[in-house]
Amino acid sequence: MAHTKEIYIYGNSGHGKVVADIALSCGYNVAGWIDDNPLNDSPDWETFIQTHTSCTIALGIGNNHIRFEIAQKIGEYGHQLPILIHPSAIVSPSARIASGTVVMPLSVINADAIIGAGVIVNSGAVIEHDCIIEDYAHISPNASLAGNVKIGKFSLIGIGTSVVQNIVIGEGSVIGAGSAVIGNIPDNCTAVGVPSKIIHSNNNHH
């Protein structure tokens with residue numbers, strides 16, 4: 001029998017549970033959880049690193065910015081961030097996926113798509129050919145991106161959203177659930193509706 005690799009999940013939450021399930025489906029043994037929230041019954045980071053000097057850790061955190069911060073912390077201590085792809089996902093051999101990304105059940109990543117670090121491709125999401133998803137973005141369940149769409153770093157594409165081909169959505173933007181995006185969306189905006197309209201912009205702040 002092949003040796004089962006051990007993995008720890010950073011984030012003892014609902015999202016962390018799903019990431020743990022995917023890790024199991026990828027042949028890992030979930031050896032434990034890490035969480036800095038004192039309400040959760042898990043060791044915090046400082047306690048963990050005192051007893052684990054080198055191990056594999058998966059990001060079980062849904063918030064894009066917090067996931068980035070934790071990834072930076074993990075990297076500073078030399079821990080590995082694996083790519084986790086559920087066996088039911090369909091991923092083109094020509095797609096490129098960076099470390100720390102999780103590809104959830106029944107999602108599709110098609111030819112020549114580029115997926116950055118720490119991305120969440122959630123259940124049933126479709127990322128078509130030649131899309132670029134930058135680091136720490138989140139493509140929510142059943143969102144569909146047509147060909148040659150670019151999603152900026154830290155952006156969130158809401159559940160059930162559709163994005164037509166050749167669209168650019170900037171960094172740090174949020175697209176509300178069920179939206180239809182037919183025009184480019186700048187950085188740091190919130191857009192909702194069919195077709196989507198910008199309802200909030202933080203472009204005066206960095």
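Using the 1.4 Å probe convention, the accessible area of the chain works out to 47 Å² per residue with neighbouring protein chains retained.
Contact order, relative form, for region 3-53: 34 percent (alpha carbon pairs under 8 Å, 6 or more residues apart, mean separation divided by residue count). A simple spin-label model places the labels of D41 and S92 4.6 nm from each other, with each point 7 Å out along Cα-to-Cβ.
Summing charges over all other residues whose Cβ lies under 10 Å from the Cβ of N29, with Lys and Arg as +1 and Asp and Glu as -1, gives 0. Averaging the sequence gap over all C-alpha pairs within less than 8 Å and six or more residues apart, then dividing by the number of residues, gives region 27-140 a relative contact order of 17 percent.
Using only the alpha-carbon atoms, how far is helix 64-76 inclined from the longest principal axis of the chain? Give it as 0 to 90 degrees, nearest 10. Between the helix axis and the principal axis of the chain, the angle is about 40 degrees.
Counting every alpha-carbon pair across region 54-162, the share separated by more than 19 Å comes to 36%. Dipole size of the chain about its Cα centre, with +1 on Lys/Arg Cβ and -1 on Asp/Glu Cβ: approximately 420 debye, rounded to the nearest 20. Relative to the first principal axis of the alpha-carbon coordinates of the chain, what is the inclination of helix 14-25, with its axis defined by its Cα atoms, in degrees from 0 to 90 and to the nearest 10? With both axes taken from Cα atoms, the answer is about 70 degrees. Expressed as a whole percent, the accessible area of region 69-177 that falls on carbon and sulfur atoms is 53 (1.4 Å probe). Relative contact order of the chain: 10 percent, from C-alpha pairs under 8 Å at least 6 residues apart in sequence. Note that region 131-206 carries a Kirkwood radius of 11.7 Å, evaluated over its alpha carbons pair by pair.
The mean of 1/r over all distinct Cα pairs in the chain, once inverted, gives the Kirkwood hydrodynamic radius of 17.3 Å.
Spatial offset of region 144-202 relative to region 1-65 amounts to 30 Å, using the alpha carbon center of each.
The values are calculated or read from the model by the stated rules, or taken from the named source; none is laboratory data. Bear in mind that the values here come from a model prediction, so they are computed numbers and not experimental data. All Cβ positions, glycine included, derive from the backbone under ideal geometry; neighbour counts span all protein chains shown. Ligands, DNA and RNA are stripped out before the accessible areas are found, and what is left, the full protein with its side chains, is counted by its heavy atoms. Shrake-Rupley method; radii C 1.70, N 1.55, O 1.52, S 1.80 Å.
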